[in-house]
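Take this structure, written in structure tokens, and hold onto it; I'll ask about it next.
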Amino acid sequence: MKVSLFVTCISDAVYPRVAEAIARLLARYGVAVDLPPVQTCCGQPAYNSGYWQEAREAAKTILDAFADSDFVVSPSGSCTGMIHHYDKLFEDDPVYLEKARVLEQKSYEFTQFLVHVLGVTDLGAVYPHKVTYHPSCHGSRILGVKEEPLVLMERVKGLELVPLPFAEDCCGFGGTFAVKMSDISGAMVTEKADHVLESEAEVLVGLDMACLMNISGHLQYRNEPVRVMHLAELLYEGVKQT
Amino acid sequence: MSAAQSKPRDTVKERAELALNNAFLRKAVKYTTEKLRGGKQQAAEEHGNWEAWRERGRQIRLHTIAHLDYYLQEFAENARANGVHVHVADTGAEAVEIALAIAEQKRARSAVKSKSMVTEELHLNQALEGIGVEAIETDLGEYIIQLAGEAPSHIIIPAIHKNRQQIAELLSKDAGETLPPDTTVLAGFVRKKLREKFLEADLGITGCNFAIAESGSMVLFENEGNARMVTTVPETQITFMGMERIIPSWSDLEVMATLLPRSATGQKLTVYMSGITGPKRQEDGDGPEEMHIIIIDNGRSLQLGDPEFQELLNCIRCGACLNACPVYRHIGGHAYGGTYSGPIGAVLTPALQGNVAEWDDIANASSLCGACYEACPVKIPLHDMLVYLRRRKVEQGYSPTLERWAMKGYAAVMSSSVKLQRTLKLGKLGQKLVVRDGVIKARIGPLEGWNRYRHTPGLPEQSFRERWETLEPDIRGSLQEMDAGMKERMQQLVRSRSEGNENQGKRDSSEGESIRSDAPTAYSGKRNSDRVDREESGVNKGKGGGNHG
Ligand code: SF4
């Protein structure tokens, strides 16, 4: 059974600690992930900006990397969601279209994999802190990952999950949107951070490092000490202590 | 000349900036959209079977649009048999000409109008004024906007961007005396003033929420009763109808009447729903002596047969996508530059013009979060369409040069992991100049706009890939034995794939049964509607403000 890590370019380059937490957590259940080296980026920045030819160049590395994997796990709902667009992206390329269909079936966002494939909801973690959760748009709306993270957090001992007002509102990241429409994006992340502060949580978790980079970057800019992390990191910290 | 709108000279970015610096506007729009989407969410939940009805609504619209020519034919025949004059206009300009000809023939001096987005699209009021016909908007929100000399900034709540104080000032000028910013007083003033206008009017002009093919009827949804007046008092009624407004039958209307008010305002039912089948008959107590329906294409048929955009014609103009949109909330409707705003406007405006180049930039004003799709009662995938629009612009060579180069660079780096590694190494060297305490604060290059609101994390010593060399053996050393049940389950999943059972083990937790064994927590049960009743209310924001259509 070959379980591969779709590390995503942002976790690879900027947040290796997230991918490490996933690899270590999965090892506790006997899953030894492999890391196919040819993978780069899912292609989303180019796809969303309308540069599909450029997106294909990146996407092909993903399709090639995981051709012989049985399961593909990623720390991002958005990048896994991008795989669901590959059939459209490669509609005129029969070879890659077939690969795209196969990959879509075997790709899982991290919490999907834990809950639906491994059947694990209680990792035996302890994390005595006030935590709030931001459901990233693509993970929750494209993949439908809504309950999985909540179920996992409910079973963490000591964790107090506090509501994030208007949790489902976009944080304003949107890839190149944040660069092109920086003032609108800035208004959105300001509002999101206001809601995080309103929740009075010590920790903000999510399932997408791009969105979390956006929110934490803004919180840092405002000098707000809320800790921001991926749910995998929280869970790993929580089990390390036991 | 087509009645197509000319492209605004400024960019969406510039218009958005105006809005972002307008605290009144932002507060007013935020207040009302939060209230409306909270109401919608609650109405959908109370309905109990929302997803099924949403799918039903989508199917009705898909079917109708797929057979649009058939149903239009049926509608026109039935309406004519009812005594309605049915006209067909390819362009907005043609539609306006038809209406002006009727007005001239009737020697009309004034017209009362109920709320209609399609007449906004045609700039009908200006055309009527041009031949000396006074056109008076009778929907409260539209009346306010007309006084202000503005265009509606929301398809359901035209004056959503104004607060009560601003509205009181406008109406005070109209009244020639100072009116207090009190909803009852303000609405009372307008009602009294409009009553006279209704009695004087020669023409009653309406839009059309739905046209029923099987009986040739037109249906209006509204909350104020003004559309009833418009369709009963004046002698001549002119209805403007987008060619896609059609549905096959009255039983389909039941579905639409369930979806539209709930999606628009959270109402279970609209206050007034009028079905009008022809002019006044002898036995009728009221109604127009003469009735015209102008069916308008104006760019709509460009979407027919276009697999990426045909579903746009399914739109029932409920405004739910505007209320759900986090971008709309911050910039309001005028920033979109066209008649239709918000996510639907960002796609519809360029689509109706058939000209991506001129309207390309509004497609960029979206983070592609998908809230519009989730809110849409007929499930139009607006977030996908925005991407298709962007792609068409790139394909047609309208993208900015710098962006094109950047994307070429992106493709070059991301086409091979070796190049990506090399680039990251360079980045790690380069960032030494700008990283302080682990973050980049300098507003330089592509980080210019981003860093105006954030700090950017620097790249860590080692990428995950580099770390993997030591990490992998370490992890393998601590590997646990896999539980036999788990292993069996995974093998079963792999087997079921080859049997073509696609979604095994990936249940969408938003649909179907819950993955929990226990009850949902307070967290997941939390509703937005708990939080939206805090701020002051505006006159056009009260329950039942505005018409739908
Ligand atoms: S696109 Fe959907 S949500 Fe938006 S106005 Fe049309 S029907 Fe309503």
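Among residues other than A:E200 whose Cβ falls under 13 Å from its Cβ, what is the net charge (Lys/Arg +1, Asp/Glu -1)?
For residues surrounding A:E200, the net value is -4.
Taking beta carbons within 10 Å but only from partner chains, what does the mean come to for residues B:384-394?
4
What is the sum of charges, Lys and Arg at +1 and Asp and Glu at -1, for the other residues whose Cβ falls under 11 Å from the Cβ of B:K113?
Counting the neighbours of B:K113, the net charge comes to -3.
Determine the principal axes of the Cα atoms in region B:185-267, then give the extent along each, sorted from largest to smallest and rounded to whole angstroms.
So the extents along the principal axes, rounded to whole Å, are 38, 31, 17.
Something else now. For chain A, state the semi-axes of the equivalent ellipsoid (square roots of 5 times the eigenvalues of the alpha-carbon gyration tensor), sorted largest first and rounded to whole angstrom.
Ellipsoid semi-axes (Å, largest first): 28, 23, 14.
If you don't mind, there's one more thing I want to ask. Using the count of nearby Cβ atoms within 10 Å as a rough guide to exposure, how do B:E120, B:E142, B:E395, B:E196 rank from fewest to most?
Fewest-to-most ranking of B:E120, B:E142, B:E395, B:E196: B:E196, B:E395, B:E120, B:E142.
Right, another one. May I ask for the Rg/Rh ratio of region B:130-238, computed from Cα atoms with Rh as the Kirkwood radius, given to two decimals?
That ratio equals 0.99.
Can I ask one more? State the Cα centre-to-centre distance between region B:57-80 and region B:266-314 in whole Å.
For region B:57-80 versus region B:266-314, the Cα centre distance is 11 Å.
Provide Rg and Dmax in Å for region B:325-367, with only Cα atoms included in the calculation.
Rg, Dmax (Cα atoms, Å): 9.5, 28.
Could you estimate the translational diffusion coefficient of region B:123-173 from the Stokes-Einstein equation, with Rh from the Kirkwood formula over C-alpha pairs, at 25 °C and 0.890 mPa s, in whole µm²/s?
Translational D for this selection: 212 µm²/s.
When N is the residue count of the protein assembly as shown, what does its C-alpha Rg come to as a fraction of 2.2 N^0.38 Å?
Normalised Cα radius of gyration, the protein assembly as shown: 1.01.
Something else now. Ranked by Cβ crowding within 10 angstrom, fewest neighbours first, how are A:T190, A:T242, A:T111, A:T61 ordered?
By the 10 Å Cβ count, ascending, the order reads A:T242, A:T190, A:T61, A:T111.
For the protein assembly as shown, what does the helix formula give at 222 nm: sum of -39500 (n - 2.57) over DSSP H segments with n ≥ 4, over the residue count, nearest 500 deg cm²/dmol?
-14000 deg cm²/dmol
Here's another thing I want to ask about it. Over the Cα atoms of region B:225-379, each weighted equally, I'd like the Debye log10 I(q)/I(0) at q = 0.14, 0.17 Å⁻¹, rounded to two decimals.
At q = 0.14, 0.17 Å⁻¹ the computed log10 ratios are -0.85, -1.14.
Within 10 Å of each residue's Cβ, count the other Cβ atoms and sort B:V494, A:V203, A:V7 from fewest upward.
Least crowded to most crowded, the residues run B:V494, A:V203, A:V7.
What's the average, rounded to a whole number, of partner chain beta-carbon atoms within 10 Å of each residue's beta-carbon in B:287-296?
Shielding by partners across B:287-296 averages 0.
Kindly identify region A:106-162 as rounded, prolate or oblate by the Cα gyration tensor criterion: order the square roots of the eigenvalues as a ≥ b ≥ c, call it rounded if a/c is under 1.5, otherwise compare a/b with b/c, prolate if a/b is larger, else oblate.
Cα axes put region A:106-162 in the oblate bin.
If you average 1/r over all unlike Cα pairs in region A:3-117 and invert the result, what Kirkwood radius do you get in angstrom?
14.1
Right, another one. With angles folded into 0 to 90 degrees, how steeply does helix B:342-353 sit against the dominant principal axis of chain B? Use alpha carbons for both and round to 10.
Around 70 degrees separate the two axes.
Expressed as a rounded percentage, what relative contact order does chain B have, with Cα pairs under 8 Å and six or more residues apart?
22
Another question about this same structure. What Cys residues in chain B have no fellow cysteine's beta-carbon under 4.7 angstrom?
B:C208, B:C315, B:C318, B:C325, B:C376 - these cysteines have no disulfide-compatible partner (Cβ-Cβ under 4.7 Å) in chain B.
Further, regarding this structure: Hey, which lysines would be in cross-link range of B:K428, C-alpha to C-alpha under 24 Å, not counting anything within fewer than 8 residues on its own chain?
Partners within reach: B:K408, B:K419, B:K441.
Just to confirm a number: summing +1 for Lys and Arg and -1 for Asp and Glu over residues other than A:H138 whose beta-carbon lies under 11 angstrom from that of A:H138, what do you get?
For residues surrounding A:H138, the net value is -1.
Compute the helix-to-body angle for B:68-81: its Cα long axis versus the longest principal axis of chain B, expressed 0 to 90° and rounded to tens.
10
Turning to a different aspect of this structure: Could you check how many percent of all C-alpha pairs in region A:130-240 are farther apart than 18 Å?
That tail contains 46 percent of the Cα-Cα pairs.
Something else about it: Rg/Rh for chain B to two decimals, with Rh computed the Kirkwood way over all alpha-carbon pairs.
That ratio is 1.04, to two decimals.
Further, regarding this structure: Helix B:23-47 versus the longest principal axis of chain B: what angle, 0 to 90°, nearest 10, using Cα atoms?
90
Mind running the shape call on region B:239-299? Use the C-alpha gyration tensor, a ≥ b ≥ c as the square roots of the eigenvalues: rounded below 1.5 for a/c, prolate if a/b tops b/c, oblate otherwise.
Because a/c hits 1.5 or more and a/b fails to exceed b/c, region B:239-299 counts as oblate.
Now a separate question. What share of all Cα pairs of region B:12-302, in percent, falls into each consecutive 10 Å distance bin?
Spelled out per bin, shortest first, that is 6, 25, 34, 26, 8, 0.
Which value in Å does the Kirkwood hydrodynamic radius of region B:401-464 take, with 1/r averaged over all unlike C-alpha pairs and then inverted?
13.1
None of the figures in this text is laboratory data; all of them are computed from the coordinates on show. Owing to the predicted nature of the structure, the values given are computational and were not obtained by experimental measurement. Cβ coordinates were reconstructed from backbone atoms using ideal geometry, including for glycine residues, and neighbour counts include every protein chain displayed.
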